[in-house]
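Okay, so here's the structure we're looking at.
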Amino acid sequence: MGNEKILVVEDEGIVAEDIKMSLQRLGFVVPATATSGEEAIRKTEEHNPDLVLMDIVLQGKTDGIDAANQICSRFNIPIVYLTAYADEGMLERAKITEPIGYILKPYNEKELYATIEMALYQYKSGRRKRELMYREILESAPDPLIITNANGQITQVNIQAEKAFGYNREELIGRPIETLIPER
């Protein structure tokens, strides 16, 4: 454990504060709490936590399941549900978001700690495996491949792209993609 950041999403103030204090005692950093799905999405973007601990029933129009779905798809941050709800319909909706854990309230600290540690390990392990797989695919492609971020900056290239554009990887990474496209 290395001071991972956990966003707490809980609409009951006293419960949110109790969860925050538990997490801090366990060695985690809680950069923020949120009481609604909309606020959870904003604070995820603002704080870039390592994990979101999400209640399902929240204030506002967006419940925890909808917020978790948006957080996973937009930011690729793992979700652990911490909720009092375990009915079949709720579980079916929650499963669709592919949470990395599901804890029922009232929780105990040992269960909370173990679930979060396993979730973080599983997420990081899966991420490493995906990165290795993407690297293998990128390097084995016969054509030049360039991957950019949302701002159009180059984040990955394969050897064929280096050859095609006449630059080494270090010269290409971070460069705006437009600089490689000839003017017409």
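None of the figures in this text is laboratory data; all of them are computed from the coordinates on show. Bear in mind the structure is a predicted one, so any value in this text is a computation, not a measurement. Ideal geometry is used to build each Cβ from the backbone, glycine not excepted, and the neighbour counts take in all protein chains shown.
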3J(HN,Hα) from dihedral phi, region 27-38, Karplus parametrisation 6.51/-1.76/1.60, rounded to Hz, x for glycine, proline
x, 8, 9, 10, x, 6, 10, 9, 10, 9, x, 4
Please report the net charge: other residues with Cβ closer than 13 Å to the Cβ of MET21, K and R +1, D and E -1.
-2
For region 58-158, report the convex hull volume of the alpha-carbon atoms normalised per residue, in Å³, without decimals.
139 Å³
LEU180 and ALA84 label points (each 7 Å along its Cα→Cβ direction) are spaced in nm at 5.4 nm
Connecting every pair of Cα atoms under 10 Å apart in the chain and solving the GNM, the largest mean-square fluctuation among ILE146, ILE56, ILE103 falls on ILE146
Relative contact order computed over the chain (Cα-Cα under 8 Å; 6+ residues apart), in percent:
13 percent
Matching label for the computed P(r) over Cα pairs in 5 Å bins from 0, in percent, out of (i) 1, 8, 17, 21, 20, 15, 9, 4, 2, 1, 1, 0; (ii) 1, 8, 15, 17, 15, 11, 9, 8, 8, 5, 3, 1, 0; (iii) 1, 8, 16, 20, 17, 14, 10, 7, 4, 2, 1, 0, is (ii)
Can you list the lysines whose alpha carbon sits under 22 Å from that of LYS43, skipping same-chain ones fewer than 8 residues off?
LYS5, LYS20, LYS61, LYS124
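Using r as the Cβ-Cβ distance of ILE137 and GLN70, and R0 as 30 Å, what FRET efficiency do you calculate, to the nearest 0.05?
Working: r = 28 Å, r/R0 = 0.92.
Efficiency computed from Cβ-Cβ geometry: 0.65.
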Cα centroids of region 125-144 and region 22-42: how far apart, whole angstrom?
33 Å
Using only helices, what value at 222 nm comes out for the chain when you add -39,500 (n - 2.57) per DSSP H run of length 4 or more and divide by the total residues, to the nearest 500 deg cm²/dmol?
-15000 deg cm²/dmol
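Less than 14 Å Cβ to Cβ from ILE96, Lys/Arg counted +1 and Asp/Glu -1: what total charge do the surrounding residues give? Before the final figure, lay out each step's value.
Values: positive: ARG93, LYS95; negative: ASP63, ASP66, GLU88, GLU92, GLU98.
Here the count lands on -3.
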Amide H proximity to GLN156 below 5 Å, modelled H, separation 5+ or other chain, gives ILE147
Neighbours of GLY152 by Cβ distance under 12 Å: Lys/Arg at +1, Asp/Glu at -1, summed charge 0
